[in-house]
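Here the structure is laid out as structure tokens; the discussion comes afterwards.
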Amino acid sequence: MTDKTSNQMWGGRFAAGPDAIMEAINASIGFDQRMAAQDIAGSRAHAAMLAATGVITDSDADAIREGLLTVLSEIESGNFQFSTALEDIHMNVEARLKEIIGEPAGRLHTGRSRNDQVATDFKLWVRDQFDAAEKGLLALIGALVDQAEAGADWVMPGFTHLQTAQPVTWGHHMMAYVEMFGRDLSRVRDARKRMNESPLGSAALAGTSFPIDREMTAEALGFDRPTANSLDAVSDRDFALEFLSTASICAMHLSRFAEELVIWSSAQFRFVTLSDRFSTGSSIMPQKKNPDAAELIRAKVGRIFGANTALMMVMKGLPLAYSKDMQEDKEQVFDAADNWMLALAAMEGMVKDMTGNRESLAAAAGSGFSTATDLADWMVRVLKVPFRDAHHVTGALVAMAEGRGVDLPDLTLEDMKSVHEGITEDIFSVLGVENSVNSRMSYGGTAPAQVRAQVARWKEILG
């Protein structure tokens, strides 16, 4: 397609085509062609509405519909030639439509502008990505629930500051991420519902004088309703910002779990074994099994955070209504969406395939004086010692054990009595890690019974 064609699309205002630099900076077809299916869906709905309201004839609408299907088929088969001279996906599709059906193509754009057209296309595309994210999150949550159920009573160390704190169960740790990703799922659903209003028919910024039916096009495209203000509709990118914000929070959760998998799969921890499908070897060190998928997930968060910040910066200074700055919205969202979906799929695969090393987890759970809090709690509960005093006594016993190179259960009753004479043999009933986790029966606690209750709750949620 020639510059002359481009000029005709612009109308009579421009006598000569833009030079190469202007064409390069102005064109978006290199990336917005990803919205071809959404653009054609919007145009088909718009044409059907124009015919229903008598703005164009049924025969023109039929020609437009068939022509658009031909264009879509050409794009999907890879036989469509995109032109930077035509700037964007909208003008590329319309120009090709005119080549196919002639004059009726010129009536398609009645009652709309590229401003409401691109807002509609972009919303449809982002909505599809929200749907994909929901599916990815449901699959990941399901994989975590399965891991939690299988290891509901496996003991492992719980950490604060990456220091051994108290024993927890493997199931409890898996369910912590279920809750995180569950909140992400809630945000996805909430944002999708809020964005589901159709900008189509807002035209350039003020609406249109044609007797269009915006409710009809909104319904045809699966929107709940048309947008209520045309100025806002063509200049709103909150839906894209919410997508990136939601993606950023979820990517942060993915990165936290990825970091744990990197640590846990190391030779120093040996808490988990990752499958060969999500690991790589070293070119010179044959013993190495690198958790590359987890590391790459951990890195993806930077790209997604960056996209969120970039679009915030694009939008922060724009007066109403549309400005060309907003063309810079899509590449950020496209890249973030690609990387978010990939990270979700990779994490689901790793979780499904990974094997928790129960013996290593249990051995680590019993080290590092992990039952010290249980000792203090026992003194408060049984001996009625104030907690601060019990904390002091426990600290002294930890120091004694540490000095001898043993753990708390290895101290004798006489050792303990030398620090507090009220301690009895019953103390040893709470010092084992199994006893410790079984005692944490408060709602949301780490006891296997509580873990199984949360697993059952999430299985019901997941259906």
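The values are calculated or read from the model by the stated rules, or taken from the named source; none is laboratory data. Source: prediction; values computed, not measured. Glycine gets a Cβ as well: all are built from the backbone with ideal geometry, and neighbour counts include every protein chain shown. Protein only, heavy atoms only, side chains kept; ligands, DNA and RNA dropped before computing areas. Shrake-Rupley method; radii C 1.70, N 1.55, O 1.52, S 1.80 Å.
Observations on the structure shown:
- For the stretch 406-444, a residue qualifies if it is touching a residue at least 12 places away in the same chain (Cβ under 8 Å), farther than 19 Å from S367 by Cα and among the small types (G, A, S), and exactly one does: G422.
- Looking only at residues of the stretch 79-99 that are open to solvent by less than 60 Å² (accessible area, probe 1.4 Å) and more than 20 Å from G42 (Cα to Cα), we find that the one that is modelled with the lowest pLDDT is A85.
- Single condition G106 does not satisfy, out of (1) surrounded by fewer than 22 Cβ atoms within 10 Å (Cβ to Cβ); (2) part of a helix (DSSP H, G or I); (3) touching a residue at least 12 places away in the same chain (Cβ under 8 Å); (4) not charged (D, E, K, R): (3)
- Residue match in the stretch 206-215 (condition: under 29 Å from Q454 (Cα atoms), in contact with a helix residue (DSSP H, G or I) (Cβ under 7 Å, 6 or more places away or on another chain) and acidic (D, E)): no
- Listed by first and then second residue, the pairs linking a residue in the stretch 55-75 that is assigned to a helix (DSSP H, G or I) to a residue that is aromatic (F, W, Y) and open to solvent by less than 70 Å² (accessible area, probe 1.4 Å), with Cβ atoms under 6 Å apart and 6 or more places separating them unless they lie on different chains, are E74/F80.
- Complete set of residues in the stretch 184-203 that are crowded, with 19+ Cβ neighbours inside 10 Å and among the polar types (S, T, N, Q): S198, S202
- Of note, A396 satisfies the criterion of being over 30 Å from S248 (Cβ atoms), among the hydrophobic types (A, V, I, L, M, F, W, C) and at pLDDT 90 or above.
- Qualifying residue in the stretch 316-339 (condition: within 21 Å of the chain's Cα centre (by Cα), in the same structural domain as G151 (by the TED database), closer than 21 Å to D153 by Cα and surrounded by fewer than 19 Cβ atoms within 10 Å (Cβ to Cβ)): no
- Test: residue in the stretch 413-420 that is open to solvent by 40 Å² or more (accessible area, probe 1.4 Å), closer than 30 Å to A139 by Cα and not hydrophobic (A, V, I, L, M, F, W, C): no
- Condition check for T273: in contact (Cβ under 8 Å) with a residue 60 or more places away in the chain and within 23 Å of I141 (Cβ to Cβ): yes
- Restricting the stretch 111-155 to residues that are open to solvent by 10 Å² or more (accessible area, probe 1.4 Å) and either polar (S, T, N, Q) or assigned to a strand (DSSP E or B) (or both), the residue that is nearest to T53 (Cα to Cα): S113
- Residue within the stretch 230-242 that is in the same structural domain as D121 (by the TED database) and farther than 29 Å from D184 by Cα present: yes
- Within the stretch 156-183, being hydrophobic (A, V, I, L, M, F, W, C) and either modelled with pLDDT of 90 or more or open to solvent by less than 10 Å² (accessible area, probe 1.4 Å) (or both) holds for M156, F159, V168, W170, M174, M175, A176, V178, M180, F181.
- Listed conditions (1) open to solvent by less than 40 Å² (accessible area, probe 1.4 Å); (2) touching a Gly at 6+ places or on another chain (Cβ under 8 Å) are all met by V437, apart from (2).
- Any chance S266 is more than 25 Å from the chain's Cα centre (by Cα), surrounded by 22 or more Cβ atoms within 10 Å (Cβ to Cβ) and either small (G, A, S) or not in a loop (DSSP other than H, G, I, E, B) (or both): no
- Scanning the stretch 65-78 for residues that are surrounded by fewer than 11 Cβ atoms within 10 Å (Cβ to Cβ) and among the polar types (S, T, N, Q) yields one hit, S77.
- Residues of the stretch 215-245 that turn out to be open to solvent by 20 Å² or more (accessible area, probe 1.4 Å) and under 30 Å from A336 (Cβ atoms), as a count: 16
- Qualifying residue in the stretch 348-356 (condition: open to solvent by 60 Å² or more (accessible area, probe 1.4 Å), in a helix (DSSP H, G or I) and at pLDDT 90 or above): yes
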